[in-house]
Amino acid sequence: MMSLTATELAWRDRLLESASRVARLACGCGILVMLVCGDAFPEALASSEEQEREQEQEQGIGEVGAATEEESADDERDEDQEQAEEPAYSDLLKGENGEWQREILRFEIEDGVDVVGASKTVEVGEDETLLDIAMRYAVGYEEIRLANPDIDIWLPGEGTKVVIPSQFLLPDVEREGIVINLAEMRLYYFPPGEDVVETFPVSIGRLDWSTPLGETEITELIEDPVWYPPRSIREQAAEQGEDMPRLVPPGPDNPLGEHAILLDIPGYLLHGTNRPWGIGMRATHGCIRLHPFDIDHLFGQIERGTRVKIINQPFKAGWSANGQLYMQAFPLIEEEEQQLDRQDKIAMAADAVARALGERRHRVRGELVRAVAAEQNGNLIKISRSGGDSPLNLEELTNHSRVGHIKKMPAR
């Protein structure tokens, strides 16, 4: 096992501190979106407008808008000063050409086939953490942790073999527009007119700041957004001993990153981040946060009116290309975990299997369904049973107490 130098330990501590700070201060629930374009923004707000804004902020409402020329100029000066002081965190995972070293997970899809992609194994490089590897291969924090439960996230050790969980079961929903599955903290994008899917890890609302479920659409796309933190977040920052300004211009200190995608749900949006190491965690105040590279890629493909579905499917079942039935389960969000017992989870898993089967007669290994429901580790598990077809007995499945042992097998 390798050891970190003093400098590396300092960077690790700063990354942890930054992730915590972003988790506390990033935008989210209750943001009021105000679209302000260029020189149409007044140089100074009237006193009545200031009072109105303060009243809104007392109610936990913030604002997101486009940067004015003056704000952009101030931001450039601040950014130049910060870059002179220290390297940006994001530069640590950029290549010599300054580009992100990151994959785009894009897969062709077929009618009746739900399994896409393939998991793979890579070796840890010198001084790499699991977060470095997760960022490079476009998987999230929880995904890489669940796939490698016995490997230290910070000190995996050079040469250690790491599983990249890049095989997915598409959610049980219409394949259109953007689909965000909160349970797996992953976004799926189905480009119009193409039989493909692109998928990205996301961060979602933390406990008490839950991301809402529902169907909506994109109403606006903003580059270099300005963030007006609500009073509630400024007061929260003050309690933490931090000074939160009333206006955060575009730049390295803006937790929205360089892109904001507004939804037709008041107060919620998709956005980038200035601290990408926390992607794939419950860390926001309700918004959907993406890696800067991912949202930049997505930003160039979508448009106003794109449909967005926010769902919560911790248990998924579906078919591989050769007609085998697979299942995948993710940990329940805390709110559900506190309310559901083991039998509830098995019933939810059985329901997912029943939906995937439809009218098909197909033998299913009930002990594996129960095991998947119990473990909820994100692994893709084949639950088909060889030897003829027979209907699934849901009552037997949900009432049986035996839990099988899972052996992970790749979908083929």
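Work out the FRET efficiency for Ala118 and Leu247 from their Cβ-Cβ distance, taking R0 = 41 Å, and round it to the nearest 0.05.
Working: r = 46 Å, r/R0 = 1.12.
The value I calculate is 0.35.
Using the number of other C-beta atoms within 10 angstrom as an exposure proxy, rank Arg360, Arg370, Arg365 with the fewest first.
Working: Arg360 12, Arg370 23, Arg365 18.
Least to most surrounded, the residues fall as Arg360, Arg365, Arg370.
Which of the GluC sites (Glu not before Pro) found in region 157-194 are in a DSSP loop and have at most 16 neighbouring Cβ atoms, other than their own, within 10 Å? Could you put the intermediate results ahead of the total?
Details: sites: Glu158, Glu174, Glu176, Glu184, Glu194; in loops: Glu158, Glu174, Glu176, Glu184, Glu194.
Qualifying residues, ordered by number: Glu158, Glu174, Glu176, Glu194.
Can you list residues from other chains, or at least 5 along the same chain, whose modelled amide H is less than 5 Å from the amide H of Leu263?
Excluding prolines and chain starts, which carry no amide H, the hits are Thr219, Tyr268, Leu270.
Do any GluC sites (Glu not before Pro) in region 234-321 lie in a loop, going by DSSP, with at most 14 other beta-carbon atoms within 10 Å of their beta carbon, and if so which? Before the final figure, lay out each step's value.
Values: sites: Glu235, Glu239, Glu242, Glu258, Glu303; in loops: Glu242, Glu258, Glu303.
Answer in residue order: Glu242, Glu303.
Tally Lys/Arg at +1 and Asp/Glu at -1 over every other residue whose Cβ is under 12 Å from the Cβ of Glu143; what's the total? Spell out each step's value before the answer.
Values: positive: Arg145, Arg186; negative: Glu142, Glu184.
Neighbourhood net charge equals 0.
State, to one decimal in nm, how far the label point of Lys161 lies from the label point of Gln324, with both points 7 Å from Cα in the Cβ direction.
1.9
Say each of Gln236 and Thr219 gets a label point 7 Å from the Cα, pointing the same way as Cα to Cβ; how far apart are those two points in nm?
About 2.2 nm separates the two model spin labels.
Could you give me the radius of gyration and the Dmax of region 273-356, taking only the C-alpha atoms into account and expressing both in angstrom?
16.8, 44
Between Glu174 and Leu340, what is 0.36 nm times their sequence separation minus the Cα-Cα distance? Round to one decimal in nm.
Details: separation 166, 0.36 × 166 = 59.76 nm, distance 2.72 nm.
Using 0.36 nm per residue and subtracting the Cα-Cα distance, I get 57.0 nm.
In terms of modelled amide H atoms, which long-range or inter-chain residues lie less than 5 Å from the amide H of Asn379?
Sorted by chain and number, the residues that satisfy this are Ala329.
For Thr284, what residues show an amide H to amide H distance below 5 Å, using hydrogens built from the backbone and excluding near sequence neighbours?
Those lying under 5 Å, H to H, from Thr284 are Ile204, Gly205, Arg206.
Read the figures in this text as sums done on the coordinates, not as results from a lab. If you're wondering where the values come from, they're calculated on a predicted model, not measured in any experiment. Backbone-built Cβ (ideal geometry, glycine too); neighbour counts: all protein chains shown.
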